[in-house]
Amino acid sequence: MTNKEKYTIFLIEQFRFKQGISANATYNLFKKKGILEYIDNTFEAIHTLDTNLVLSEIGKLTKSAFL
């Protein structure tokens, strides 16, 4: 498993815990909203950022209301 794949799984898990939804629902949301591509395309820049900052940006991209 690559670091990019591990980071994607990490973000899915963190996002789902904060949203209170299943991993499957989170994965489907990420896929539908293009978040998987976003992570893939920006991995080199975002993996060094604070996790909460990245999750906040993902929340905006998915239009989810989450703190």
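Assorted remarks:
- Within the range 42-58, considering residues that are part of a helix (DSSP H, G or I) and not aliphatic (A, V, I, L, M), the one surrounded by the fewest Cβ atoms within 10 Å (Cβ to Cβ): E44
- Among (1) in contact with a helix residue (DSSP H, G or I) (Cβ under 7 Å, 6 or more places away or on another chain); (2) assigned to a loop (DSSP other than H, G, I, E, B) - the single one I39 does not satisfy: (2)
- Residue count for the range 4-36 under the criterion of being among the hydroxyl-bearing types (S, T, Y) and free of Cβ contacts under 8 Å to residues at least 24 places away in the same chain: the result is 3.
- I21 fulfils the conditions (1) of a type outside the set (K, R); (2) assigned to a helix (DSSP H, G or I); (3) in contact with a helix residue (DSSP H, G or I) (Cβ under 9 Å, 6 or more places away or on another chain) except for a single criterion, (2).
- Here is the figure for the range 1-35: residues that are under 14 Å from E57 (Cβ atoms) and within 8 Å of the chain's Cα centre (by Cα) total 5.
Coordinate-derived values only; no laboratory data. This is a predicted model, so every value here is computed, not measured. Quick reminder, even Gly has a Cβ in these numbers, built from the backbone with ideal geometry, and neighbours come from all protein chains shown.
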